[in-house]
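The values are calculated or read from the model by the stated rules, or taken from the named source; none is laboratory data. What you see is a predicted model; the values in this text were computed from it and never measured. Here Cβ is always computed from backbone atoms with ideal geometry, including for glycine, and neighbour counts include all displayed protein chains. Only protein heavy atoms, including side chains, enter the accessible area calculation; ligands, DNA and RNA are left aside. Shrake-Rupley method; radii C 1.70, N 1.55, O 1.52, S 1.80 Å.
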Amino acid sequence: MFILYEALAVFAYGALGLVLMLAGYLIVDLLTPGKLHVLIWQDRNPNATLVLAANTLGVAMVVAMAIYASDSDGIAEGLLLTAVYGVIGLVLMAVSFAAIDLLTPGRLGDAVNHAELVPAAWVNATAHVSVALVVAAAIS
């Protein structure tokens with residue numbers, strides 16, 4: 001019976017992680033001009049790809065640390081904590097996108113939409129991962 005409980009826990013945490021990563025995708029899609037699926041899969045835009053990849057990695061780091069930190073709390077409380085921490089990470093990553101946009105010349109969304117790789121995309125991608133590391137460290 002223990003293996004069934006553990007398997008269901010893995011499924012529940014995995015499903016929650018996928019939902020949070022999907023939410024991260026939608027947030028990046030809202031913050032950038034154009035549609036991500038077109039920019040990445042049709043236009044092969046390296047900037048949009050880099051920012052989305054960093055966002056997805058960041059969400060995964062936050063979710064992984066939340067799961068690790070909530071291991072002894074029981075499945076229901078662990079899932080709740082993971083969801084709350086994941087949403088906090090998403091909000092902070094979106095805020096970092098907006099803050100970088102305010103503090104730098106031009107529109108960050110336009111830079112992410114640019115066809116050639118631009119430094120602003122690296123700054124934004126690094127900010128996503130950095131915020132995720134800070135949130136993950138705060139969780140532990």
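Residues that are in a helix (DSSP H, G or I), closer than 15 Å to Ala138 by Cα and at pLDDT below 90 within region 61-76 comprise Val62, Val63, Ala64, Met65, Ala66, Ile67, Tyr68, Ala69, listed in sequence order. Against the conditions (1) at pLDDT below 90; (2) open to solvent by less than 30 Å² (accessible area, probe 1.4 Å), Asn47 satisfies every one except (1). The residues of region 24-44 that are open to solvent by 30 Å² or more (accessible area, probe 1.4 Å) and either touching a residue at least 60 places away in the same chain (Cβ under 8 Å) or in a helix (DSSP H, G or I) (or both), listed by number, are Tyr25, Leu26, Ile27, Leu30, Leu31, Pro33, Gly34, His37, Val38, Trp41, Gln42, Asp43.
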